[in-house]
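J.: After the structure tokens below, expect a handful of questions from me.
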Amino acid sequence: MTERTATTASTASTARTGIVVVKFGGNAMVDTDLRRTFARDIVELWHAGLRPVVVHGGGPQISAMLDRLGLETRFEAGLRVTTPETMEVVRMVLSGGVQRELVGHINAHGPFAVGMTGEDAHTMTAVRRSARVGSRQVDIGLVGDIVEVNPDMVRTLLDQGHIPVVSPVARGADGQVYNVNADLAASALAVALGAERLVVLTDVEGLYANWPHSKEVIERLTADALDRLLPGLASGMLPKMEGCLRAVRGGVRRAQVLDGRVPHAVLRGVLDETSPGTTVVADNSPDHSQAHSTSAV
């Protein structure tokens with residue numbers, strides 16, 4: 001960690017408290033140095049007096065395993081089409097591979113991280129999600145949408161000084177296990193925990209104002225402004241911004257989309273007053289007057 005970020009973390013330790021839910025995914029997950037840097041950042045947030053919760057994806061690793069097994073990889077409306085065979089691979093890769101490695105990186109700095117899934121202690125309950133591409137209804141298989149979150153287990157781990165690392169797999173009331181988009185799982189957990197902040201890592205600098213014609217990033221916008229933009233967003237960004245919208249409308253003070261390719265993006269995004277990326281705030285937030293409120297796409 002740089003001297004600057006270490007100093008920032010130290011000065012922030014008495015200024016901020018609260019739960020921060022961080023969705024870890026994108027390019028940062030497949031770069032060894034970025035994975036280790038992310039783990040250090042999460043531990044620094046803990047030392048700064050915050051209570052981080054990590055919800056991780058695993059898209060590249062799942063796709064790689066599906067390719068090795070000769071199974072199809074297909075996406076609709078930004079979500080992975082999940083057959084029963086794909087679901088077995090999702091559970092294996094997320095809980096048995098990605099999560100264990102991430103827990104190991106965090107625990108290299110102390111006995112902090114504890115891995116769990118949305119299935120554990122009925123933390124997340126899902127129903128089968130439908131999807132539309134334009135006017136067309138599409139079947140995306142065993143993809144779930146979270147309808148209920150029981151945060152008791154996560155709270156217990158936080159109260160014991162641990163850092164929960166959660167795989168986005170949930171069980172339905174019918175006993176079926178569902179693949180849940182990690183952005184939306186992180187959003188639902190943030191709301192249930194009454195988190196101060198949701199941070200979503202991605203592979204771009206933030207939400208672009210006029211993609212693909214410009215790379216100007218919208219630094220801040222309100223929930224209503226985002227709601228207007230949502231239908232026109234690219235499929236990859238859609239679940240991330242939908243998660244941010246659900247979070248702030250569910251009571252989370254702010255939601256941020258940060259470029260996970262940048263080292264220490266999480267630490268800068270959470271502890272610096274002026275953070276990179278795109279920040280979403282509620283319409284009645286004190287930051288409302290500074291937020292972008294146009295309908296540009």
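J.: Checking a compactness column here: for segment 43-162, what do you get for Rg(Cα) / (2.2 N^0.38 Å), N being the number of residues?
T.: For segment 43-162, the normalised Cα radius of gyration comes out at 1.23.
J.: Quick one: which residues, 5+ away or cross-chain, put their amide H under 5 Å from the amide H of A131? H built at 1.01 Å from N.
T.: V138, I140
J.: Let me know the shape class of segment 168-284, please: from the alpha-carbon gyration tensor, a ≥ b ≥ c as square roots of the eigenvalues, rounded when a/c is under 1.5, otherwise prolate if a/b is greater than b/c, or oblate.
T.: Note, shape of segment 168-284 comes out prolate.
J.: While we're here: For a bin width of 5 Å, list the pair-distance distribution of the chain built from all Cα-Cα distances, rounded to whole %.
T.: Result returned by the calculation: 1, 6, 12, 17, 20, 18, 14, 8, 3, 1, 0.
J.: Using the Karplus curve 6.51 cos²θ - 1.76 cosθ + 1.60 with θ = phi - 60°, what ³J(HN,Hα) values do you get for each residue of segment 252-261, in whole Hz, with x for Gly and Pro?
T.: Per residue, the Karplus-derived 3J(HN,Hα) values read 5, 5, 8, 10, 10, 10, 10, 7, x, 7 Hz.
J.: OK, next. For every other residue with a beta carbon closer than 15 angstrom to the beta carbon of L102, add +1 if it is Lys or Arg and -1 if Asp or Glu, then tell me the sum.
T.: +1
J.: Quick one: net charge of R74's neighbours, Cβ under 12 Å, K/R +1, D/E -1?
T.: Combined, the nearby Lys, Arg, Asp and Glu give -2.
J.: Between D152 and A64, what FRET efficiency comes out of the Förster formula 1/(1 + (r/R0)^6) with R0 = 30 Å and r the beta carbon distance, rounded to 0.05?
T.: My answer for the efficiency is 0.30.
J.: Turning to a different aspect of this structure: Grab the DSSP H runs of the chain that are 4 residues or longer, score each as -39,500 (n - 2.57), total them, divide by all residues and round the 222 nm result to the nearest 500 deg cm²/dmol.
T.: -10000 deg cm²/dmol
J.: Find the percent of Cα-Cα distances in segment 114-179 that exceed 19 Å, and round it to a whole number.
T.: When every Cα pair of segment 114-179 is considered, 39 percent fall beyond 19 Å.
J.: With a ≥ b ≥ c the root eigenvalues of the C-alpha gyration tensor of segment 175-222, is it rounded (a/c under 1.5), prolate (a/b larger than b/c) or oblate?
T.: It comes out oblate by the Cα gyration axes.
J.: Output the antiparallel fraction of DSSP beta bridges having both residues in the chain, as a percent to the nearest 5.
T.: 35 percent
J.: When the Karplus curve 6.51 cos²θ - 1.76 cosθ + 1.60 is applied with θ = phi - 60°, which whole-Hz ³J(HN,Hα) does each residue of segment 120-132 get, with x for Gly and Pro?
T.: With coefficients 6.51, -1.76 and 1.60, one gets 5, 6, 6, 4, 10, 10, 10, 10, 4, 9, 9, 9, 10 Hz.
J.: Using θ = phi - 60° and the Karplus relation 6.51 cos²θ - 1.76 cosθ + 1.60, list the HN-Hα couplings for segment 215-227 in order, rounded to whole Hz, with x at every Gly or Pro.
T.: Karplus values, whole Hz, x for Gly and Pro: 9, 5, 8, 6, 6, 8, 8, 8, 4, 4, 5, 5, 4.
J.: Once amide H atoms are built 1.01 Å from N in the peptide plane, which residues 5 or more positions from V200, or in another chain, come under 5 Å H to H?
T.: Amide H neighbours of V200: K23, Q256, V257, L258.
J.: What residues qualify as long-range amide H neighbours of T117, i.e. H under 5 Å apart, gap of 5 or more or another chain, H built at 1.01 Å from N?
T.: Long-range HN contacts for T117: S167.
J.: Does segment 13-92 classify as rounded, prolate or oblate by the C-alpha gyration tensor (a ≥ b ≥ c root eigenvalues; a/c under 1.5 gives rounded; else a/b over b/c gives prolate, otherwise oblate)?
T.: Here segment 13-92 falls in the prolate category.
J.: Determine the distance separating the Cα centre of segment 71-120 from the Cα centre of segment 228-254; give it in Å without decimals.
T.: So the separation of the two Cα centres works out to 22 Å.
J.: Now for a separate question. Determine the sum of side-chain charges near R249: Lys and Arg each +1, Asp and Glu each -1, restricted to other residues whose C-beta is under 10 angstrom from that of R249.
T.: -2
A short reminder: the numbers here are calculations on the coordinates, not readings from a lab. All values reported here derive from a predicted model rather than from experimental measurement. With ideal geometry, Cβ positions are generated from the backbone for all residues, glycine too; neighbour counts draw on all protein chains shown.
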